Amino acid sequence: MHTPLFTLFLVTFASALSAQTPSPHDRLAREIYAELVNIDTSSKAGTTRAAEAMAKRLLDAGYPAADVQVLGAEPNQHNLVARLRGTGANKPILLLAHLDVVDARKEDWTVDPFTFQEKDGYFYGRGTTDDKAQAAIWVATLIRLKQEAFTPERDLIVALTADEEGWGPANGVDWLLKNHRALIDAEYCINEGGGGQLQNGRRVLNEVQAAEKHYANFRLEATDKGGHSSLPVKENAIYRLAAALGKLASYDFPVRLTEVTMAFFQRTSAIVGGQEGADMKAVAASAKPDPSVVERLAKTPLYNAVLRTTCVATLLEGGHAENALPQRARATVNCRVIPGEAPADVRRTLERVIADPAVTITAVTDYPTSPVSPLRPDLMKLVETITTDLWPGVPVVPVMSTGGTDGVFLRIAGIPTYGISGLFKDIEDMRAHGRDERLGVKAFDEGREFLYRLVKATARTGATAAKGER
């Protein structure tokens, strides 16, 4: 006969053991995750091997060959497009992740970047956060739904794509839209770009990314006849360019908020509190916020980037010899433009601010510009319900990315796109594109469960049930 104390010990031990033992669904997702990370999908290696490996997983799980396709713009840059067919009551939903990763040099890391490792509560390897965790979870979710004989009320399409990091001619989303749109056409898309934030081990918020800034580069150039450096004159190409850059450095673009960024400041205000929270609330509530409020918020680079278009000098070159007056000076200015604002308008603003006809301003990129995705009440409600169920008290916050994803191509094509992952990462330790990239083991398992519940709920017409089974 067990004493109450011994019984309590057994219960506690069993609970601890259960917490440490991954479920069958976690194990499958981890196996797929490891396989993806172990395949080098950097720019030279390409994505085809990874796409074929994931296709084999789905075919082995019982998906018909007609619903699992590997195709792409270049032989080593193929994409996987797979479909779980539903009743057709609603348009499909697209589940997107990219297979390619930023290059990584082994000598720069403390671990092999292309060998999946679990260490100290983290999964290490290039792509563990950007973006192979979500890719693995999409494949694991399709397999699980097939095992459950689940018939959605709309098709579920998984697309694992190439060249998201480079945005070149092999970019999978752009190529599929132009050549095989029917394969990925959907009511809306769930993509990377959002996710959970951890701070000091505490879950702060769960993001839904519904907008991205546009990317635009401009070249500023000043020229002069030059001459011998022993006979300097006031007219100097380097000085003229420097004066232009000084004007740019002193200029702030006007505040321009969208539905998404207003919601970001409104919801974040309650999280941060204090003066900062009050300033966020004031900005979100006014079409013309108090300049002093804007100035205080703009001291934080992230908030400044959310408030307005930004342009910054990133590259500089000038002159041709140390003993000659410069004949040419150039600077590259990188702008991140608020959705709805045209790069041509940004150029006109630069011309007005610099106000020097001797400094030419030339657009040197032609990247696409995309609209804001509307904050769908049905999708937001599902995200909020599942977030509360898994992590009580964690708020859901709409965000605009200051960087970019392949969502830009989909939004332009009329497919609203939302960055949602439920993968929580430490905001003080962001390693995507950097050395020793990693994701927490617990964060991966919980993100898998979050996305499984979200996919299953969105697959049902008018679904309100968002609870899953471990």
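The values are calculated or read from the model by the stated rules, or taken from the named source; none is laboratory data. The model shown is predicted, which means the values in this text are computed figures rather than measured ones. Quick reminder, even Gly has a Cβ in these numbers, built from the backbone with ideal geometry, and neighbours come from all protein chains shown.
Residue count for the stretch 237-272 under the criterion of being over 23 Å from residue 294 (Cα atoms) and either of a type in the set (Gly, Ala, Ser) or modelled with pLDDT under 95 (or both): the result is 4. Look at (1) modelled with pLDDT under 95; (2) within 16 Å of residue 359 (Cα to Cα); (3) surrounded by 15 or more Cβ atoms within 10 Å (Cβ to Cβ) and you find that residue 234 fails only one, number (3).
Annotation note: Cβ proximity below 8 Å between a residue of the stretch 115-131 that is on the phi > 0 side of the Ramachandran plot and a residue that is surrounded by fewer than 22 Cβ atoms within 10 Å (Cβ to Cβ) and of a type in the set (S, T, N, Q) (sequence gap 6+ or interchain) occurs for 125/38; 125/115; 125/117.
Restricting to the stretch 73-111, give me the number of residues that are out of contact with any helix residue (DSSP H, G or I) (no Cβ under 8 Å at 6 or more places or on another chain) and either more than 23 Å from residue 129 (Cα to Cα) or buried (at least 24 other Cβ atoms within 10 Å of the Cβ) (or both).
Kept after step one, since they are out of contact with any helix residue (DSSP H, G or I) (no Cβ under 8 Å at 6 or more places or on another chain), are these residues of the stretch 73-111: 74, 86-92, 100, 102-111.
Restricting the remaining residues to those that are either more than 23 Å from residue 129 (Cα to Cα) or buried (at least 24 other Cβ atoms within 10 Å of the Cβ) (or both) gives 74, 86-92, 100.
Within the stretch 73-111, residues that are out of contact with any helix residue (DSSP H, G or I) (no Cβ under 8 Å at 6 or more places or on another chain) and either more than 23 Å from residue 129 (Cα to Cα) or buried (at least 24 other Cβ atoms within 10 Å of the Cβ) (or both) number 9.
Only residues that are within 27 Å of residue 450 (Cβ to Cβ) and under 21 Å from the mean Cα position of the chain (by Cα) were counted across the stretch 86-114, and they come to 11. Hey, does the stretch 380-400 have a residue that's surrounded by 22 or more Cβ atoms within 10 Å (Cβ to Cβ) and of a type in the set (Gly, Ala, Ser)? So far as the stretch 380-400 goes, no, none of its residues is surrounded by 22 or more Cβ atoms within 10 Å (Cβ to Cβ) and of a type in the set (Gly, Ala, Ser).
Only one of these conditions is not met by residue 202: (1) in contact (Cβ under 8 Å) with a residue 40 or more places away in the chain; (2) surrounded by fewer than 24 Cβ atoms within 10 Å (Cβ to Cβ). Which number is it? Single failed check for residue 202: (1). The residue that is farthest from residue 190 (Cα to Cα), counting only those in the stretch 40-93 that are assigned to a strand (DSSP E or B) and small (Gly, Ala, Ser), is 73. Within the stretch 243-257, does at least one residue satisfy the condition of being under 24 Å from the mean Cα position of the chain (by Cα) and more than 24 Å from residue 352 (Cβ to Cβ)? Scanning the stretch 243-257 turns up no residue that is under 24 Å from the mean Cα position of the chain (by Cα) and more than 24 Å from residue 352 (Cβ to Cβ).
Looking only at residues of the stretch 314-342 that are of a type in the set (D, E, K, R) and closer than 13 Å to residue 218 by Cβ, we find that the one that is nearest to the chain's Cα centre (by Cα) is 336.
Among residues belonging to the stretch 352-371 that are part of a strand (DSSP E or B) and aliphatic (A, V, I, L, M), point out the one that is nearest to residue 164 (Cα to Cα).
The initial filter retains those residues of the stretch 352-371 that are part of a strand (DSSP E or B), namely 359-363.
Filter again for aliphatic (A, V, I, L, M), leaving 359, 361, 363.
Working: 359: 34, 361: 29, 363: 22 Å.
So, considering only residues that are part of a strand (DSSP E or B) and aliphatic (A, V, I, L, M), the one nearest to residue 164 (Cα to Cα) is 363.
Hey, any hits in the stretch 138-146 for a residue that's crowded, with 24+ Cβ neighbours inside 10 Å and of a type in the set (Lys, Arg)? Checking the stretch 138-146: not a single residue is crowded, with 24+ Cβ neighbours inside 10 Å and of a type in the set (Lys, Arg). Condition (residue is closer than 18 Å to residue 215 by Cα and among the small types (Gly, Ala, Ser)) applied to the stretch 346-368: is it met by at least one residue? Checking the stretch 346-368: at least one residue is closer than 18 Å to residue 215 by Cα and among the small types (Gly, Ala, Ser). Scanning the stretch 414-439 for residues that are surrounded by 20 or more Cβ atoms within 10 Å (Cβ to Cβ) and small (Gly, Ala, Ser) yields a count of 3. Residues in the stretch 298-334 that are closer than 11 Å to residue 253 by Cα and of a type outside the set (Gly, Ala, Ser): 304, 307, 308, 309, 310, 311.
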